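Please read the structure below before turning to the comments.
Nothing in this text is a laboratory measurement; each read-out follows from the coordinates by a stated rule. This one's a predicted model, so the numbers in the text were calculated from it and none came from an experiment. Neighbour counts run over all protein chains shown; Cβ positions are idealised from the backbone, glycine included.
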Amino acid sequence: MVDVKVIYLRCLSTRASYDTDQTNYLYTTTGIAPAYNGNNMRKVVMPVNSGPNVTAAYPTPYTVMGFASFLLRTNYPTGGNDCWCAIYMGSDTSGGSGGVFGVAGAYVVRLTQ
């Protein structure tokens, strides 16, 4: 039986392989996106939320604050428990408005360096 995490890993790697830009960009801490020139098959858009802490600006935990795009790597570690990182490409407003997939619930994206 194949581990579910390995299936996800294969899906990420397969999607990344469909991109016309196979440059293995390095991570940076400058906040500047790489000069990506592909067909967007490696780009994914994710909701970014306010996290578990309640503040005056976000009185409900995990409030979706906006959307950000991320660039998948060209290869990932083969272990099911390894980190699968992507490169932050900036905020994203493409695709219109409305809920996330029309489903209510908490979505967690944690930006780290």
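Put simply, when 32-45, 53-66 are sorted by average Cβ atoms within 10 angstrom per residue, most first, you get 32-45, 53-66. Around the amide H of N40, modelled in the peptide plane, lie the amide H atoms of T20, all under 5 Å away and 5 or more residues distant in sequence or on another chain. For A68, the amide hydrogen comes within under 5 Å of the amide hydrogens of M46, V48, D92, counting only partners 5 or more places away or on other chains and with H modelled in the peptide plane. Between T78 and T30, the C-beta separation translates, for a Förster distance of 25 Å, into a calculated FRET efficiency of about 0.25.
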